[in-house]
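Student: Take a look at the following structure, please.
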Amino acid sequence: MTRRTAPRAVLLALAELLAWWAALALLWLVLITSVDTLERIVGASCAAVGALLARAGRRAVTWR
Amino acid sequence: MNGWILAATVGLGGGGAAALWGVTTGSPGRRVIAQNLTTSAVCPALLLLSQGYGRPAYVDLALLMALLGPVGTLVFARLLADDLADERPSAWGLTWAAAGLAAAVVIALCVAGGPGRAMVKLLVIGALLIGGNVIASRALAGGFREVRGG
Amino acid sequence: MSDAVITVSLLLVAGCATAAVVQRDPARQALVLSVLGAVLAVLFTVLQAPDAGLSQLAVGSALTPLLIMLCVRKVRRRGRTKDGAR
Amino acid sequence: MNRLRLWLLAVGGAGLAALLVAACLDLPAFGGRWHPYGDRAVQASLDRHIANTIASVNFDQRAYDTLGEISILFAAVLGCVVLLREARDEHRAPPEPAEVARPVRRYALLVLPVALVTGLYVIAHGQLSPGGGFQGGVVAATALHLLYLGADYGALERVRPLGVYEASDSLAVCAYLVLGLAGVLAGTAFLANTLLPYGTFNTLSSGGTVPLLNAAVGMEVASAVVVLLAHFLDQAVEIEEEHGS
């Protein structure tokens with residue numbers, strides 16, 4: 001098990017992704033006017049994309 | 001006679017004229033500061049217009065302005081880092097005044113709009129605007145020292 | 001009262017556009033273009049065309065300055081290597 | 001010979017000017033209440049449950065023009081890619097890491113996802129509120145470049161695999177075309193908005209194929225701008241001339 005796939009690192013990664021996803025999903029809910037199921041689905045997927053990019057960006061910057 | 005549109009007109013006229021005068025004359029540092037303050041003058045005006053016209057859909061314009069205005073200033077701060085290196089332009093008085101103006105406008109609109117999701121959206125826009133304004137001023141005042149403009 | 005805001009926006013756009021044309025140095029012109037973009041977005045909003053205003057904001061606030069400033073930087077670097085190489 | 005051509009131009013120009021003046025005289029007065037084209041456009045968009053008439057004009061009534069616009073953008077970016085490629089006498093120096101102030105870097109890393117989600121929001125709600133594929137695509141692409149502004153070009157290159165964006169650029173244009181051809185296959189017309197149900201007014205699923213066309217344009221504009229900026233950044237930051245040439 002290399003350093004990056006140790007359970008603790010995977011847990012940390014998931015926690016960070018989840019935190020970003022929750023924040024961005026909340027932002028989506030704030031941005032839209034009417035909430036229905038389709039908005040929630042699209043919002044959840046956009047927040048997921050945003051969370052992945054946020055983590056990739058953070059790692060890209062401090063990875064050097 | 002709609003008070004919101006009047007406030008937007010006054011803010012736009014004053015802020016816009018000052019920004020235009022600042023960006024066309026003076027040292028490069030002062031021009032970039034004027035460009036940075038344009039965002040803080042135009043974004044509250046857009047919010048007031050959205051309230052004045054009674055169209056909440058126009059708030060998206062202010063959202064984009066609050067988001068991309070500071071990014072434009074970061075572009076100039078980074079790519080003009082060589083020219084601004086010796087000058088270290090910083091106008092913290094103006095920055096905090098603009099932040100205060102933006103906060104006042106956002107609070108007034110929140111009070112007028114009443115609680116709800118729209119108010120949270122206004123607060124998000126206000127936070128983005130003031131945060132962006134302060135960070136852009138910080139970037140101008142020497143945020144990109146060892147960048148050699150690259 | 002909405003005519004006053006249209007007049008102010010038109011005057012600002014006219015002033016910014018003239019300043020952009022008068023300014024010859026590309027780096028400083030990029031600064032004026034950025035301010036012109038913001039004021040144009042307000043003019044479109046005031047004339048009840050928010051989609052056009054949104055397009056102007058999206059492109060004029062960060063993308064155009066970045067493109068222009070990258071070109072200015074490339075031209076300056078080429079100038080520097082030309083002097084160095086001579 | 002030159003004089004003949006000038007005379008031909010003058011005659012043609014005069015004829016065009018006369019026709020234009022005649023046409024302008026018949027235009028309705030400025031600021032009047034009579035807008036024949038506007039009323040019909042709004043009526044057509046309301047029939048199809050599209051709240052934003054501009055999105056209805058862009059992606060439903062005149063979707064063919066939008067096909068022209070996205071191919072113009074595609075061709076322009078293709079031109080830049082060809083012109084700004086690395087020449088034989090140039091070499092590519094790796095971008096050196098840059099020291100950026102701590103608060104500026106944290107701001108860039110924070111606004112990066114927020115701007116991306118805002119861009120996607122503007123794309124998704126194209127047919128409901130002001131915005132659409134083009135505006136949202138540009139915002140999403142600009143969001144990605146906060147990494148360059150907040151840190152250095154190396155960080156941006158690690159997050160942005162250029163091949164993927166070039167592929168998604170052409171894929172999005174093809175998606176727009178396939179959506180149009182679907183109309184032909186279904187027996188109606190190219191890019192006709194008669195395939196999907198129009199849904200309930202002012203919701204995300206309203207407007208038939210308009211949201212899909214919006215998404216295709218959004219994806220195309222975002223990847224086209226990323227590819228365009230990538231080649232500008234390569235030229236400005238990485239590619240250097242061989243000395244002594």
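Bear in mind these aren't lab numbers, they're just calculated from the coordinates by the rules spelled out. These numbers were taken from a predicted model, which means no experiment stands behind them. So basically every Cβ, Gly included, is an ideal-geometry build from the backbone, and we count neighbours across all protein chains shown.
Student: I'm trying to understand the selection: among the residues of the stretch D:1-39, which are surrounded by 10 or more Cβ atoms within 10 Å (Cβ to Cβ) and not in a helix (DSSP H, G or I)?
Tutor: Scanning the stretch D:1-39 gives D:Pro28, D:His35.
Student: B:Ala57 - would you say it is within 11 Å of chain C (Cβ to nearest Cβ) and over 15 Å from the mean Cα position of the chain (by Cα)? Before the answer, list the steps.
Tutor: Values: within 11 Å of chain C (Cβ to nearest Cβ): yes; over 15 Å from the mean Cα position of the chain (by Cα): yes.
So B:Ala57 passes the test.
Student: Does B:Gly26 fit the bill of being over 18 Å from C:Val42 (Cβ atoms) and either more than 10 Å from chain C (Cβ to nearest Cβ) or in contact (Cβ under 8 Å) with a residue 60 or more places away in the chain (or both)? Steps first, answer last, please.
Tutor: Values: over 18 Å from C:Val42 (Cβ atoms): yes; either more than 10 Å from chain C (Cβ to nearest Cβ) or in contact (Cβ under 8 Å) with a residue 60 or more places away in the chain (or both): yes.
Answer is yes for this residue.
Student: In the stretch B:92-150, which residues are exposed (fewer than 15 other Cβ atoms within 10 Å of the Cβ), more than 26 Å from A:Leu31 (Cβ to Cβ) and of a type in the set (A, V, I, L, M, F, W, C)?
Tutor: Answer for the stretch B:92-150, where residues must be exposed (fewer than 15 other Cβ atoms within 10 Å of the Cβ), more than 26 Å from A:Leu31 (Cβ to Cβ) and of a type in the set (A, V, I, L, M, F, W, C): B:Trp92, B:Trp96, B:Ala97.
Student: Which members of the stretch D:36-77 meet the condition of being acidic (Asp, Glu) and touching a helix residue (DSSP H, G or I) at 6+ places or on another chain (Cβ under 6 Å)? Break it down into steps so the answer makes sense when it comes.
Tutor: Quick first cut of the stretch D:36-77, residues acidic (Asp, Glu) only: D:39, D:47, D:60, D:65, D:69.
Selection gives D:Asp60 alone.
Student: Taking D:Leu67 as the residue in question, decide whether it is within 30 Å of D:Asp152 (Cβ to Cβ) and within 29 Å of the chain's Cα centre (by Cα). Talk me through it step by step, then tell me what you get.
Tutor: Working: within 30 Å of D:Asp152 (Cβ to Cβ): no; within 29 Å of the chain's Cα centre (by Cα): yes.
Here the answer is no, as D:Leu67 does not meet what is asked.
Student: Does C:Thr81 satisfy the condition of being within 13 Å of chain D (Cβ to nearest Cβ), in a helix (DSSP H, G or I), farther than 19 Å from B:Pro70 by Cβ and touching a Leu at 6+ places or on another chain (Cβ under 7 Å)? Steps first, answer last, please.
Tutor: Values: within 13 Å of chain D (Cβ to nearest Cβ): yes; in a helix (DSSP H, G or I): yes; farther than 19 Å from B:Pro70 by Cβ: yes; touching a Leu at 6+ places or on another chain (Cβ under 7 Å): no.
Considered against the rule, which asks whether it is within 13 Å of chain D (Cβ to nearest Cβ), in a helix (DSSP H, G or I), farther than 19 Å from B:Pro70 by Cβ and touching a Leu at 6+ places or on another chain (Cβ under 7 Å), C:Thr81 comes out as no.
Student: In addition: Say we look at the stretch C:52-76 and pick out the residues that are more than 28 Å from B:Ala41 (Cα to Cα) and more than 9 Å from chain B (Cβ to nearest Cβ); which of these is surrounded by the most Cβ atoms within 10 Å (Cβ to Cβ)? Write out each step before concluding.
Tutor: Residues of the stretch C:52-76 that are more than 28 Å from B:Ala41 (Cα to Cα), as a first pass: C:71, C:73-76.
From what is left, the residues that are more than 9 Å from chain B (Cβ to nearest Cβ) are C:71, C:74-75.
Details: C:Cys71: 15, C:Lys74: 18, C:Val75: 12.
Checking each candidate, the answer is C:Lys74.
Results for (1) assigned to a helix (DSSP H, G or I); (2) away from chain C (no Cβ under 14 Å); (3) farther than 26 Å from C:Pro50 by Cβ, shown as yes or no for each residue.
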| site | (1), (2), (3) |
| --- | --- |
| D:Leu110 | yes, yes, yes |
| D:Gly163 | yes, yes, yes |
| D:Val178 | yes, yes, yes |
| D:Thr188 | no, yes, yes |
| D:Leu191 | no, yes, no |
| D:Pro197 | no, yes, yes |
| D:Leu204 | no, yes, no |
| D:Gly207 | no, yes, no |
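Student: Here's something else I'd like to know. For the stretch D:40-76, give me each residue that is of a type in the set (A, V, I, L, M, F, W, C) and outside any helix (DSSP H, G or I).
Tutor: Narrowing the stretch D:40-76 to residues of a type in the set (A, V, I, L, M, F, W, C): D:41-42, D:44, D:46, D:50-51, D:54-55, D:57, D:59, D:63, D:67, D:70, D:72-76.
Residues satisfying the conditions are D:Ile50, D:Ala51.
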